[in-house]
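Shown next, in structure tokens, is the structure this report addresses.
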Amino acid sequence: MPIAIKDIFCTRGVKTTCSSRMLANFVPPYDSTVVKRLKDAGAVILGKLNMDEFAMGSSTENSAFFKTLNPWDTSCVPGGSSGGSAAAVAAGLCAASIGTDTGGSIRQPASFCGVVGLKPTYGRVSRYGMIAFASSLDQGGPITKDVTDAAMLLNVMAGSDPLDSTSVDAPVPDYARGLKDGVKGLKIGIPKEYFIEGLDREVEGAVNGAIDALKASGAETVGVSLPHTEYAVGVYYLVATAEASSNLARYDGVKYGLRVDNAAGLLGMYRATRDRGFGAEVKRRIMLGTYSLSAGYYDAYYKKASEVRTLVKRDFDEAFKKCDVILTPTSPTAAFRLGEKVADPLTMYLSDIFTISCNLAGIPGMSLPCGFTSKGLPIGLQLLGRPMDEATLLRAAYTYEQGAGWHKKRPAL
Ligand code: GLN
């Protein structure tokens, strides 16, 4: 399969920039485990794909190099941060692509571009050689034209890795095998906290249509509650920025990447390098994270956020006692226009409201197409599963996809 890779995965001998000036000329001497496994399985690596700088963003407009357009409407963003990965699959530039998801970066662009995106359980896929943003949240996964391809690629990517101590040592089931088993008796949880004010009417309509279709295929629905949902965005922007500020400390002009030597001594070199190398959003996150980790604020911010994160996780544990999968919209809206949110970070952050809890809880999630707006923009359906239960997500997704057939629609380029 000809596959393209988000430019956050190290590729031996091929530039890996994270769409940052800091790494504009960085050529890794090794392959990330994900890329190595794909190559070993016979995949052809076509090239590297644009993204928000260091995966921070929801529109790919934070790339230091160029903007990626949405193939369905080139005045719209492709989503982010794996916007290049989703747009390339939608436009047919590659058979499939690989992305990463820290707070929605696989699922939201998949939703905006009308393709399938899967964020596996934390630890299911090795993070070795995947440039770190927020290490307790980051996870790589496939972006594909349909559910079958997602299952096939997950088979290749998943599994423990001695080079990543957080990878889970558990057998990898054959994800493609159970796809056709149907959803008879499957319990689908519908969380009331995800069907709220601000949810676009057309998105709500399409998601409700998918619920009806799954019921018609034999699934049952049950109302569930995830009461800590309202804190998820706040918790995420403390935990993710704290981890980012720590991870990005390594870009100091000494070890690798950009160096701006202005002869003002070591500290001057650090400052000049980091000032020139990082874009505005990355600097904003480093400052937020450094602040919340600083002495006197740590207990009030980072520690508190970590405690609330546990409550978010427990919400899912409770909900999964009543259901096998949880169904929600992937994003409150379809793709927004280029430039529409980029000047207002808070509005941009809020667009991830439905995808972030999944990363905080470490559970698997996926997005697949469930219709189009009246303007012809794709709408995404999100399925969330129990830890390590990607197989059930894929089976439910496949059942819906085969009945609905949205995956056969391609943008007219
Ligand atoms: N949009 C979110 C952010 O900006 C999530 C990004 C991601 O999943 N990498 O942090």
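The values are calculated or read from the model by the stated rules, or taken from the named source; none is laboratory data. It should be emphasised that the depicted structure is a prediction, and the values quoted were computed from it without experimental measurement. Ideal geometry is used to build each Cβ from the backbone, glycine not excepted, and the neighbour counts take in all protein chains shown. Each accessible area value is taken on the protein alone, full model and side chains, heavy atoms only, with ligands, DNA and RNA left out. Shrake-Rupley method; radii C 1.70, N 1.55, O 1.52, S 1.80 Å.
Can you give the net charge of the other residues whose Cβ lies under 10 Å from the Cβ of A272, counting K and R as +1 and D and E as -1?
Numbers: positive: R259, R271, R274, R276; negative: D261, D275.
Here the charged neighbours net out to +2.
Could you please state how large a percent of the accessible area of region 298-413 is carbon and sulfur, counting protein chains only and using a 1.4 Å probe? Write out the running numbers ahead of the final one.
Details: 2540 of 4590 Å².
On region 298-413, the fraction of accessible area on carbon and sulfur atoms equals 55 percent.
Whole angstrom only: what separates the Cα centroid of region 346-391 from the Cα centroid of region 261-318?
Each part reduced to its Cα centre gives a spacing of 25 Å.
Test of understanding: what is the full-extension gain from T166 to R314, defined as 0.36 nm times their sequence separation minus their Cα-Cα distance? Can you show the working numbers first?
Values: separation 148, 0.36 × 148 = 53.28 nm, distance 2.07 nm.
Result for the pair: 51.2 nm of gain on full extension.
State the percentage of accessible surface on region 44-139 attributable to carbon and sulfur atoms; use a 1.4 Å probe and exclude ligands, DNA and RNA. Write out the running numbers ahead of the final one.
Details: 1040 of 1770 Å².
About 59 percent, which is the carbon plus sulfur part of the accessible surface.
Checking the a/c ratio against 1.5 first, then a/b against b/c, what shape does the Cα gyration tensor give for region 307-349? Let's see the in-between values first.
Details: a/c = 7.47, a/b = 1.97, b/c = 3.80.
The shape class here is oblate.
Does region 320-405 classify as rounded, prolate or oblate by the C-alpha gyration tensor (a ≥ b ≥ c root eigenvalues; a/c under 1.5 gives rounded; else a/b over b/c gives prolate, otherwise oblate)? Please list the in-between numbers first.
Numbers: a/c = 3.19, a/b = 1.37, b/c = 2.33.
Judged from the Cα gyration tensor, region 320-405 comes out oblate (a/c at least 1.5, b/c at or above a/b).
Name the shape class, rounded, prolate or oblate, that the alpha-carbon gyration tensor gives for region 149-199, where a ≥ b ≥ c are the square roots of its eigenvalues, rounded holds for a/c under 1.5, and otherwise prolate holds if a/b is larger than b/c and oblate otherwise. Mind showing how you got there, number by number?
Values: a/c = 2.68, a/b = 1.53, b/c = 1.76.
Since a/c reaches 1.5 but b/c is at least a/b, the shape of region 149-199 is classed as oblate.
For the chain, modelled as a GNM with alpha-carbon contacts under 10 angstrom, which of P364, P345, P332 fluctuates the most?
Highest fluctuation of the listed residues: P345.
Where Lys and Arg each count +1 and Asp and Glu each count -1, what net charge lies around K39 among other residues with Cβ under 13 Å from its Cβ? Let's see the in-between values first.
Numbers: positive: R12, K36, R37; negative: D31, D40.
Surrounding charge for K39 is +1.
How many nm separate the modelled label positions at F66 and E230, each set 7 Å beyond the Cα in the direction of the Cβ?
Label-label distance for F66 and E230, simple model: 4.5 nm.
Over the chain, with a Gaussian network built from C-alpha contacts below 10 Å, which listed residue (A343, A242, A319) shows the highest mean-square fluctuation?
Per the Cα network of the chain with a 10 Å cutoff, A343 tops the list.
Determine, for each peptide in 399-409, 121-131, the mean count of other beta carbons within 10 angstrom over its residues, then list the peptides with the highest first.
Details: 399-409: 17.4, 121-131: 24.0.
Going by the mean number of other Cβ atoms within 10 Å, highest first, we get 121-131, 399-409.
By average Cβ neighbour count within 10 Å, what is the ranking of 196-202, 376-382 from highest down? Each step should come with its number before you reach the end.
Working: 196-202: 12.0, 376-382: 26.0.
Per-residue Cβ counts within 10 Å, averaged per peptide and sorted highest first, yield 376-382, 196-202.
Averaging sequence separations of C-alpha pairs under 8 Å and six or more residues apart, then dividing by the length of the chain, give the relative contact order as a whole percent. Please report the intermediate quantities before stating the final value.
Numbers: 1022 pairs, mean separation 86.2, N = 413.
Over the chain, the number comes to 21 percent.
Any idea what the relative contact order of region 122-183 is, in percent, if you count C-alpha pairs under 8 Å spaced at least 6 apart?
Numbers: 73 pairs, mean separation 23.3, N = 62.
Normalised by residue count, the contact order of region 122-183 is 38 percent.
Between beta-carbons, use under 11 Å as the cut-off and find the net charge around L49, counting Lys and Arg +1, Asp and Glu -1.
Working: positive: K6, K48; negative: D7.
Surrounding charge for L49 is +1.
In percent, what relative contact order does region 298-398 have, based on Cα pairs under 8 Å that are 6 or more apart in sequence?
Computed over region 298-398, the figure is 31 percent.
State log₁₀ I(q)/I(0) for region 1-102 at q = 0.22 Å⁻¹ as given by the Debye formula over alpha-carbon point scatterers of equal weight, solvent excluded.
So the normalised log intensities work out to -1.12.
Scan region 289-387 for trypsin sites (Lys or Arg not before Pro) in coil per DSSP, keeping those whose Cβ has at most 15 other Cβ atoms within 10 Å, and list them by number. Please list the in-between numbers first.
Details: sites: K303, K304, R309, K313, R314, K321, K322, R337, K341, K375; in loops: K321, K322, K341, K375.
Sparse-neighbourhood loop trypsin sites (Lys or Arg not before Pro): K321, K322, K375.
Straight distance only, please: which aspartates and glutamates reach the Cα of K48 with their own Cα at less than 20 Å, same-chain residues fewer than 8 apart left out?
Hits, sequence-local ones excluded: D7, D31, D40, E61, D101, D138, D149.
Return the distance in nm (one decimal) between the two label points of a simple spin-label model at K322 and K304, each offset 7 Å from Cα along Cα→Cβ.
2.9 nm
Of V325, V207, V172, which has the largest mean-square fluctuation in a 10 Å C-alpha GNM of the chain?
Checking each option, the largest mean-square fluctuation is seen for V172.
Take the alpha-carbon centre of region 184-205, take the same for region 49-116, and report the distance between them in whole Å.
Cα centroid of region 184-205 versus Cα centroid of region 49-116: 24 Å apart.
With every protein chain present, what is the per residue accessible area of the chain (1.4 Å probe, Å²)?
On the way: 15810 Å² over 413 residues.
On a per-residue basis, 38 Å².
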